[in-house]
Amino acid sequence: MATSKHRHTVGLLILAGAMLATRLHRFEYLPDASWAIFFLSGFYLSGARALAVLLVEAVLIDYVATAHLGDAGS
């Protein structure tokens with residue numbers, strides 16, 4: 001049986017992967033799911049670390065998208 005810490009880590013990785021897939025705008029049929037991901041992380045993971053990790057990930061994705069990929073999110 002998986003421990004609570006293991007479930008927390010797996011849940012965080014799933015949400016981080018979903019944010020990466022939807023926030024880069026590489027798939028036209030996937031809308032940005034950042035609000036939903038932040039809501040789900042607060043509801044299921046309920047930790048400041050999970051929120052901090054997801055916020056840092058969002059900033060890094062935006063930085064890479066604008067500085068290196070030339071995508072302004074449109």
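The values are calculated or read from the model by the stated rules, or taken from the named source; none is laboratory data. Fair warning: this is a prediction, and the values are worked out from it, not measured in the lab. All Cβ positions, glycine included, derive from the backbone under ideal geometry; neighbour counts span all protein chains shown.
Which pairs do you get when a residue that is in contact (Cβ under 8 Å) with a residue 24 or more places away in the chain, found in segment 3-14, comes within reach of a residue that is of a type in the set (Val, Ile, Thr) and surrounded by 10 or more Cβ atoms within 10 Å (Cβ to Cβ), reach meaning Cβ atoms under 8 angstrom, with the pair 6+ apart or on two chains?
Leu12/Val53
Quick one: which residue in Ala21, Ala72 is modelled with pLDDT of 85 or more and small (Gly, Ala, Ser)? Show your work before the answer.
On the way: Ala72 fails: modelled with pLDDT of 85 or more.
Result: Ala21 is the single residue among Ala21, Ala72 that is modelled with pLDDT of 85 or more and small (Gly, Ala, Ser).
Checking the condition at pLDDT 90 or above, surrounded by fewer than 13 Cβ atoms within 10 Å (Cβ to Cβ) and among the hydrophobic types (A, V, I, L, M, F, W, C), which residue from Leu15, Leu60 passes? Full working, then the answer.
Numbers: Leu15 fails: surrounded by fewer than 13 Cβ atoms within 10 Å (Cβ to Cβ).
Leu60 is the lone residue from the list that is at pLDDT 90 or above, surrounded by fewer than 13 Cβ atoms within 10 Å (Cβ to Cβ) and among the hydrophobic types (A, V, I, L, M, F, W, C).
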